[in-house]
Amino acid sequence: MRFDVVSIFPEYLAPLDLSLIGKARTEGLLELAVHDLRTYTQDRHRTVDDTPYGGGAGMVMKPEPWAQALGDIAEASPLAEGSKPTLIVPSPAGEVFNQKLAYELAEEDHLVFACGRYEGIDERVLEWAQDAYTVRPVSLGDYVLNGGEVAVLAMVEAIGRLVPGVVGNPESLIEESHSDGLLEYPVYTKPSSWRGREVPEVLLSGNHGKIAKFRKELQLRRTADRRPDLIDALDVAAFSKTDRNVLWELGYAVVDGKAVLRPES
Ligand code: JBK
């Protein structure tokens, strides 16, 4: 898998030299190049922004440096003639990034990330780029960042770790993919008694059936508490009687395979 990242702050991407992703690059599992957008400018001041047509606060990224950068990167793509690299444009106006999209993008062989700063990139760049790229504006979530770089760090890590061989122990990937739409259960390690706090006794019992049941109940409880949106999305028809009973205790009834809050709760 090849990644190209274009940014006016290439040093921002330095963490990608570290840890899991850095090791995968050293081992040749991932190729990653960071390009400084300013090297694609033509003027003495290496200008990348200008004032917005129609008015408004802030500046907009000029189209031509982007066309030069993205044109060069598309030309150098390792993909066969006739298949397009995917251009990911981090933007609060994009589709929301999630694990499903991470899996989908991990199947691609060439991903290019365009990091905007200021109020964003001239919209015509995204239209023009569709000739050479599959263009996808993608958002990390509903909050304001100063630019796309931090979003790219998160997406490259989430996608890169799904590439075969990048995560040393593939068991950890399998466990996540089985996470069935619920938040993870809490974890504990030694000592079993720490500053007056005990590890739940069942986890010391060696009874794997009881442990699995305990963990599933905690998953359901914390999901209902912290992420009720995930409860709404569950396919409860596939749930065991035990899990349905936990949902009932948490105030949900099952209607047409969906968990719905009981009116009286
Ligand atoms: C945001 O990916 N994002 O979520 C993102 C990218 C660039 C600027 C932003 O404010 N939220």
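For the range 1-39, filtered to residues that are free of Cβ contacts under 8 Å to residues at least 12 places away in the same chain and assigned to a loop (DSSP other than H, G, I, E, B), the residue that is nearest to the chain's Cα centre (by Cα) is L18. Looking for something within 16 Å of the ligand (Cβ to nearest atom) and either out of contact with any Pro (no Cβ under 8 Å at 6 or more places or on another chain) or at positive phi (or both) - is there at least one such residue anywhere in the range 165-187? No, because not a single residue in the range 165-187 is within 16 Å of the ligand (Cβ to nearest atom) and either out of contact with any Pro (no Cβ under 8 Å at 6 or more places or on another chain) or at positive phi (or both).
If the Cβ limit is 9 Å and pairs must be 6+ apart or interchain, which residue in the range 126-147 that is without any contact (Cβ under 8 Å) to a residue 60 or more places away in the chain and closer than 16 Å to P90 by Cβ pairs with which residue that is more than 15 Å from the ligand (Cβ to nearest atom) and hydroxyl-bearing (S, T, Y)? Note: pairs meeting the criteria are T134/T86; V135/T86; R136/T86. Here I159 meets each of (1) outside any loop (DSSP other than H, G, I, E, B); (2) surrounded by 18 or more Cβ atoms within 10 Å (Cβ to Cβ); (3) modelled with pLDDT under 95 with one exception, condition (3).
Only one of L261, L230 is under 32 Å from the mean Cα position of the chain (by Cα) and within 20 Å of E176 (Cβ to Cβ). Can you tell me which?
L230 is the lone residue from the list that is under 32 Å from the mean Cα position of the chain (by Cα) and within 20 Å of E176 (Cβ to Cβ).
Note on the range 129-156: residues that are among the charged types (D, E, K, R) and closer than 14 Å to V112 by Cα total 2. Taking (1) exposed (fewer than 15 other Cβ atoms within 10 Å of the Cβ); (2) closer than 20 Å to D109 by Cβ; (3) touching a residue at least 24 places away in the same chain (Cβ under 8 Å) in turn, A57 satisfies each apart from (2).
Per-residue answers, yes or no, for (1) touching a Ser or Thr at 6+ places or on another chain (Cβ under 7 Å); (2) loosely packed, with under 12 Cβ neighbours inside 10 Å; (3) over 15 Å from L247 (Cα atoms):
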| residue | (1), (2), (3) |
| --- | --- |
| G181 | no, no, no |
| S192 | no, no, yes |
| L204 | yes, no, yes |
| A224 | no, no, no |
| D229 | no, yes, no |
| V236 | no, no, no |
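The sole residue among G94, G56 that is more than 17 Å from V135 (Cβ to Cβ) and small (G, A, S) is G56. Restricting to the range 111-154, and then to whatever is more than 10 Å from the ligand (Cβ to nearest atom) and part of a strand (DSSP E or B), can you tell me which residue is farthest from the chain's Cα centre (by Cα)? My answer is I121. Only residues that are farther than 24 Å from I8 by Cβ, part of a strand (DSSP E or B) and not aliphatic (A, V, I, L, M) were counted across the range 65-105, and they come to 1. Could you tell me whether the range 177-191 includes any residue that is within 32 Å of the chain's Cα centre (by Cα), within 30 Å of E27 (Cα to Cα), part of a helix (DSSP H, G or I) and free of Cβ contacts under 8 Å to residues at least 40 places away in the same chain? Among the residues of the range 177-191, at least one is within 32 Å of the chain's Cα centre (by Cα), within 30 Å of E27 (Cα to Cα), part of a helix (DSSP H, G or I) and free of Cβ contacts under 8 Å to residues at least 40 places away in the same chain, which makes the answer yes.
The values are calculated or read from the model by the stated rules, or taken from the named source; none is laboratory data. Computed from a predicted structure; not experimentally measured. Note that we place each Cβ from the backbone using ideal geometry, even for glycine, and neighbour counts take in every protein chain shown.
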